[in-house]
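Here the structure is laid out as structure tokens; the discussion comes afterwards.
Nothing in this text is a laboratory measurement; each read-out follows from the coordinates by a stated rule. Since the model is a prediction, treat every value here as computed from it, not as a measurement. Don't worry about glycine lacking a Cβ; one is built from the backbone with ideal geometry, like all the others, and counts go over all protein chains shown.
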Amino acid sequence: MAPLSPKPSLFRRFVSFMGWTRSSYAILGAFSAIVLLIVYVWWPLAQMVLAYIDWHGPWWRYMDWLLVGIFLFMSLVIMAGADLRTDA
């Protein structure tokens with residue numbers, strides 16, 4: 001009787017389900033670099049705006065959770081089935 005192959009990890013199953021490829025990781029890396037560049041450039045303005053928030057109170061009530069959720073969802077879905085050779 002042949003030994004059973006080990007069950008793939010949860011991460012591997014998720015990657016397979018989403019259809020991510022090497023191009024997906026390249027796109028995610030470029031997207032992350034652009035986001036970090038934007039944060040770096042706008043950080044002084046962000047500090048001034050964040051100074052108005054009362055962090056001891058219920059700040060989570062004022063957070064735009066729908067916008068955060070859409071941003072995270074689109075960041076994952078844009079990588080699904082990406083192929084830079086055919087998509088470019």
Qualifying positions in region 63-88 - surrounded by 10 or more Cβ atoms within 10 Å (Cβ to Cβ) and not hydrophobic (A, V, I, L, M, F, W, C): Gly69, Ser75, Gly81, Asp83
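Can you name every residue in region 1-22 that is loosely packed, with under 11 Cβ neighbours inside 10 Å and either of a type in the set (Lys, Arg) or in a helix (DSSP H, G or I) (or both)? Explain how you work it out, then say what you get.
Applying the first criterion (loosely packed, with under 11 Cβ neighbours inside 10 Å) to region 1-22 yields 1-7, 9-12, 16-17, 22.
Within region 1-22, Lys7, Leu10, Phe11, Arg12, Ser16, Phe17, Arg22 meet the criteria.
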Qualifying residue in region 23-40 (condition: in contact (Cβ under 8 Å) with a residue 60 or more places away in the chain and of a type in the set (S, T, N, Q)): yes
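So, in region 5-22, of the ones that are touching a residue at least 12 places away in the same chain (Cβ under 8 Å) and within 14 Å of the chain's Cα centre (by Cα), which residue ends up nearest to Asp87 (Cα to Cα)?
First, the residues of region 5-22 that are touching a residue at least 12 places away in the same chain (Cβ under 8 Å): 18-21.
Next cut, within 14 Å of the chain's Cα centre (by Cα) only: 18, 20.
Numbers: Met18: 17, Trp20: 14 Å.
Only one residue fits best here, namely Trp20.
Restricting the search to region 47-88, which residues are assigned to a loop (DSSP other than H, G, I, E, B) and either free of Cβ contacts under 8 Å to residues at least 12 places away in the same chain or more than 23 Å from the chain's Cα centre (by Cα) (or both)?
Taking region 47-88 and keeping what is assigned to a loop (DSSP other than H, G, I, E, B), we get 51-58, 62-64, 78-83, 88.
Answer for region 47-88, where residues must be assigned to a loop (DSSP other than H, G, I, E, B) and either free of Cβ contacts under 8 Å to residues at least 12 places away in the same chain or more than 23 Å from the chain's Cα centre (by Cα) (or both): Ala51, Tyr52, Ile53, Asp54, Trp55, His56, Gly57, Pro58, Tyr62, Met63, Asp64, Ala88.
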